[in-house]
Amino acid sequence: MWFISGCVTKRTNVFILLWQSLQDALHKQDNSEKMWSFNRQRDASKIEIKEIQWQGPFSWTGYENQNNLDQIPDIEGVYLWTFQYNDGFLVYAAGVTNSTKKRFKSHTKNYKRGKYTVLDVSYAEKGEREEIWHGWKYAKTHQEEFHDRKEEILKAVDEQLKSFRIFVAQISDKRTRERFEAAIMHNIYYSKEPWSELADRGMSLKERYNAEMPIETRNICRYKIYGLPETLEI
């Protein structure tokens, strides 16, 4: 009986060792897959090319009768806030949304509560940044100033929202939208053009991770949009 028991024990130990070896191999494979990162020299040929159709310009929601522009279609995708500039339009900010209708309703409320920065449109349309009211963190600690200047600031808000020209691109994938938004804004931030100073800084952006394959976007629009290159890697 001892001999039989010893054989069983040895076989059991061998089985355990084989099982552990298999688990280690699978673990190493999983880690290898998780640790993959994009290498341009090796992976450039795998980069996907996507054509992005930009629609616009549209009116800011609620101002259609004042600027004689069409209403923004309710889509999921990326949107651009632009001002008329030279022979086209100049990007002030990019954003992402599941519903432009809901998102712009929220933006309007935040503008009228003093949470967003308000610009002098006459300067913005020349590509220059001149603030009438600074939102964000400043607004939180200067509520008394906002209430004292409320009439002046809200008049400027109306002028800015009326002057915005909105462009949209329908993109269903959430992560692609996030990467596109980040690429647009970083392209503006790193630009040496004087008009790049118009855009707000400090946005929460989710750019491409190195473990994600780049996408080369070909931006197609009837109009010239300063700040949106014809080709942009996201």
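The values are calculated or read from the model by the stated rules, or taken from the named source; none is laboratory data. Note that this is a predicted model, so its numbers are computed, not measured. Every residue, glycine as well, gets a Cβ built from its backbone with ideal geometry; the counts of neighbours run over all protein chains shown.
Checked against the criterion of being of a type outside the set (Ser, Thr, Tyr), without any contact (Cβ under 8 Å) to a residue 24 or more places away in the chain and in contact with a helix residue (DSSP H, G or I) (Cβ under 9 Å, 6 or more places away or on another chain), the candidates 71, 66 yield just one match: 71. Considered as a group, the residues in the stretch 149-192 that are free of Cβ contacts under 8 Å to residues at least 40 places away in the same chain and not in a helix (DSSP H, G or I) include one that is nearest to residue 130 (Cα to Cα), and that residue is 149. Residues in the stretch 193-234 that are among the aliphatic types (A, V, I, L, M) and assigned to a strand (DSSP E or B) were compared, and the one that is farthest from residue 40 (Cα to Cα) is 225. Do the conditions hold for residue 132, that is, is it within 26 Å of residue 229 (Cα to Cα), modelled with pLDDT of 95 or more and not polar (S, T, N, Q)? Taking the combined requirement at face value, the residue does not satisfy it.
Screening the stretch 170-192 for residues that are closer than 14 Å to residue 227 by Cβ and touching a strand residue (DSSP E or B) at 6+ places or on another chain (Cβ under 7 Å) and picking the one that is surrounded by the fewest Cβ atoms within 10 Å (Cβ to Cβ) gives 187. Looking across the stretch 39-71, the residues that are closer than 22 Å to residue 232 by Cβ and either modelled with pLDDT of 95 or more or in contact with a strand residue (DSSP E or B) (Cβ under 7 Å, 6 or more places away or on another chain) (or both) come down to 47, 48, 49, 50, 51, 52, 53, 54, 55, 56, 57, 58.
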